[in-house]
């Protein structure tokens with residue numbers, strides 16, 4: 001956003017047009033209608049209308065212009081240069097800037113005064129504590145995740161996230177804490193635009209290095225009044241940058257903020273000369289963007305020969321999107337062709353959405369001792385000091401900038417959340433590949449436990465030994481009389497050796513089948529990830545070893561799960577296997593043996609794929625139906641099979657968790673991250 005006219009001192013009304021007076025259509029880079037143009041070789045006279053202005057109660061400064069920065073010409077006076085008498089109209093007019101957003105000048109100053117009483121800034125709310133907590137919460141959420149996957153648009157999203165968090169840490173939170181601190185004007189621009197020369201001129205001494213070597217500003221130089229040196233040296237502004245007390249502009253380099261004090265600056269103003277944003281050094285661009293986001297006013301300095309460079313407009317648009325208050329200085333404007341350049345520059349500002357930015361020109365002129373002539377910067381000086389000297393005007397400008405930053409979060413954070421969602425979607429894709437692999441393994445295992453493929457080798461041999469040697473029949477005990485009273489023994493029951501052998505073989509075979517299926521599923525999951533760009537990225541940096549194999553503890557967990565399932569089936573036979581009444585009168589049975597028979601039947605014994613000798617293929621089903629009946633048998637079988645599948649699925653889920661741990665270790669955000677970002681923005685709006 002731009003500096004508003006009501007943030008500057010009230011302009012003087014223009015005298016009536018007459019001989020030697022510019023028309024209103026020839027006004028350029030001024031804050032008021034233009035009084036009579038003085039001769040270029042003499043200092044301009046004071047505006048005679050000043051004494052008639054009732055609203056301006058400031059004392060008249062009669063010191064010669066150029067003695068120090070706090071000296072200024074009367075409001076409305078033009079610099080002593082008549083080089084652009086023919087320049088076009090339309091740069092700045094009072095009618096265009098009388099009010100912004102429905103606010104009148106008086107209303108804004110009243111709001112600023114009320115905000116001062118509350119210790120805050122106009123336009124950002126009066127609940128300072130709640131606002132600080134909301135901003136701190138958003139800051140924490142922005143630092144709680146990383147955009148690690150190389151998906152389309154991720155580079156822009158990473159920069160956007162960093163910019164958002166830096167602006168909260170470097171500017172928004174410190175500015176709320178230091179609402180009464182000086183207005184910080186950051187001068188940014190392209191290489192050789194004359195930022196350092198402009199700072200030196202405004203301060204009245206050489207505080208920032210200049211020269212023909214580019215870039216000349218390697219470290220940012222901050223100049224402030226001595227009364228506020230402590231706040232800039234030890235305060236919360238730009239906490240990530242080191243501080244060096246100046247003057248040492250030629251000896252300091254790196255991520256250091258050089259703080260220099262000067263009596264020439266008013267207490268309400270600080271200037272910061274930032275590195276070139278188009279420097280050949282990448283860190284200079286990072287400094288420039290970081291400092292731009294921390295400015296109360298960002299003054300972009302460009303030359304008449306390079307104002308059309310793409311980088312200039314990228315930075316201006318970036319400043320607008322981040323809510324900065326923007327001013328522009330067009331420097332080194334030549335005689336003759338200056339009007340055409342100025343007009344075209346104004347058109348480009350409008351096309352790029354910064355047409356309301358406060359604008360100034362600096363003509364091509366001599367530079368002596370790293371400074372411009374005083375008259376070349378007089379208008380810039382008057383504008384800055386006019387705001388800085390009036391606490392209410394200063395609060396209006398700072399409040400506009402901070403309010404613009406907070407307003408920009410309404411769109412910038414949701415835009416970032418959309419990029420986070422893209423990462424979440426890719427994470428879901430990778431998780432889906434793992435789920436599909438283990439789901440396929442579970443389906444294969446279901447089929448293997450139905451078609452009898454498990455009942456081969458030792459399991460089949462143990463079953464035939466158990467069924468063919470009479471142990472199966474001995475597990476069925478005939479009652480001795482009609483009343484059901486037979487011989488009883490106090491001897492503790494022990495399972496026959498063949499029952500225990502069959503139970504062990506069945507358990508071992510089922511365990512081996514489950515482990516093999518899990519290993520195949522892990523291999524399938526890793527293969528699927530290797531075929532996915534994001535999956536390859538995760539595998540390349542994975543801190544979870546052995547993803548393509550089963551986990552070392554799987555064998556133990558499988559053994560425990562299968563043993564528990566066998567116990568569950570035995571309990572089903574004991575509690576739900578109610579025998580037919582006609583059978584129950586004459587036969588009792590051993591629950592462990594019949595549980596094994598039920599397991600053999602469930603695992604597909606007697607199917608066409610299993611070659612059974614001795615005519616015993618149908619024994620399990622015939623025996624179980626005879627004892628329990630078809631309906632009871634179906635119920636027990638369904639429960640036993642569902643329980644086995646549930647236990648295997650749980651084992652596979654635990655195996656799949658390793659892939660989830662790999663996603664977590666890679667730092668890929670989950671679905672809760674965008675939700676927390678939206679919530680943080682909502683909390684901020686409530687606090688405002």
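Each row is one residue, and each column tells you yes or no for (1) in a loop (DSSP other than H, G, I, E, B); (2) touching a helix residue (DSSP H, G or I) at 6+ places or on another chain (Cβ under 6 Å); (3) surrounded by 23 or more Cβ atoms within 10 Å (Cβ to Cβ).
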{"site": "151", "(1), (2), (3)": "yes, yes, no"}
{"site": "162", "(1), (2), (3)": "no, no, no"}
{"site": "180", "(1), (2), (3)": "yes, no, no"}
{"site": "188", "(1), (2), (3)": "no, yes, yes"}
{"site": "196", "(1), (2), (3)": "no, no, yes"}
{"site": "200", "(1), (2), (3)": "no, no, yes"}
{"site": "205", "(1), (2), (3)": "yes, no, no"}
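Taking residue 384 as the residue in question, decide whether it is under 24 Å from residue 238 (Cβ atoms) and either surrounded by fewer than 24 Cβ atoms within 10 Å (Cβ to Cβ) or in contact (Cβ under 8 Å) with a residue 60 or more places away in the chain (or both).
Judged against the criteria, residue 384 is a match.
So, in region 268-317, exactly how many residues are under 21 Å from residue 405 (Cα atoms) and without any contact (Cβ under 8 Å) to a residue 60 or more places away in the chain?
Number satisfying all stated conditions: 6.
Condition test on residue 543, is it under 46 Å from the mean Cα position of the chain (by Cα) and modelled with pLDDT under 95?
Against the criterion (under 46 Å from the mean Cα position of the chain (by Cα) and modelled with pLDDT under 95), residue 543 qualifies.
All but one of (1) assigned to a loop (DSSP other than H, G, I, E, B); (2) modelled with pLDDT of 90 or more; (3) out of contact with any helix residue (DSSP H, G or I) (no Cβ under 6 Å at 6 or more places or on another chain) hold for residue 145; state the number of the condition that does not hold.
Failed condition: (3).
Pull out all pairs, ordered by first then second residue, where Cβ-Cβ is under 7 Å, the residues are six or more apart or on different chains, the first lies in region 328-355 and is in contact (Cβ under 8 Å) with a residue 60 or more places away in the chain and not assigned by TED's automatic domain parsing to the domain that holds residue 199, and the second is loosely packed, with under 15 Cβ neighbours inside 10 Å and part of a loop (DSSP other than H, G, I, E, B).
none
Does residue 455 count as at pLDDT below 80 and crowded, with 20+ Cβ neighbours inside 10 Å?
yes
So is residue 215 surrounded by 20 or more Cβ atoms within 10 Å (Cβ to Cβ) and at pLDDT below 85 or not?
When the stated conditions are applied, residue 215 does not pass them.
Within 34 Å of the chain's Cα centre (by Cα), closer than 22 Å to residue 318 by Cα and modelled with pLDDT of 90 or more: is that true of residue 273 in this structure?
yes
Would you check if there is a residue in region 401-408 being surrounded by fewer than 19 Cβ atoms within 10 Å (Cβ to Cβ) and more than 23 Å from residue 292 (Cα to Cα)?
No, there is no match, as no residue in region 401-408 is surrounded by fewer than 19 Cβ atoms within 10 Å (Cβ to Cβ) and more than 23 Å from residue 292 (Cα to Cα).
Quick one: which of 434, 459, 426 is in the same structural domain as residue 496 (by TED's automatic domain parsing), in a helix (DSSP H, G or I), closer than 30 Å to residue 498 by Cβ and touching a helix residue (DSSP H, G or I) at 6+ places or on another chain (Cβ under 8 Å)?
459
Tell me, please, whether a residue that is over 20 Å from residue 160 (Cβ atoms), assigned by TED's automatic domain parsing to the domain that holds residue 334, assigned to a helix (DSSP H, G or I) and modelled with pLDDT under 90 can be found in region 298-311.
No, there is no match, as no residue in region 298-311 is over 20 Å from residue 160 (Cβ atoms), assigned by TED's automatic domain parsing to the domain that holds residue 334, assigned to a helix (DSSP H, G or I) and modelled with pLDDT under 90.
Kindly indicate which of 621, 570, 537, 524 is at pLDDT 90 or above and in contact with a helix residue (DSSP H, G or I) (Cβ under 7 Å, 6 or more places away or on another chain).
524
The values are calculated or read from the model by the stated rules, or taken from the named source; none is laboratory data. The model shown is predicted, which means the values in this text are computed figures rather than measured ones. Cβ: placed from backbone, ideal geometry, glycine included. Neighbour counts: every protein chain shown.
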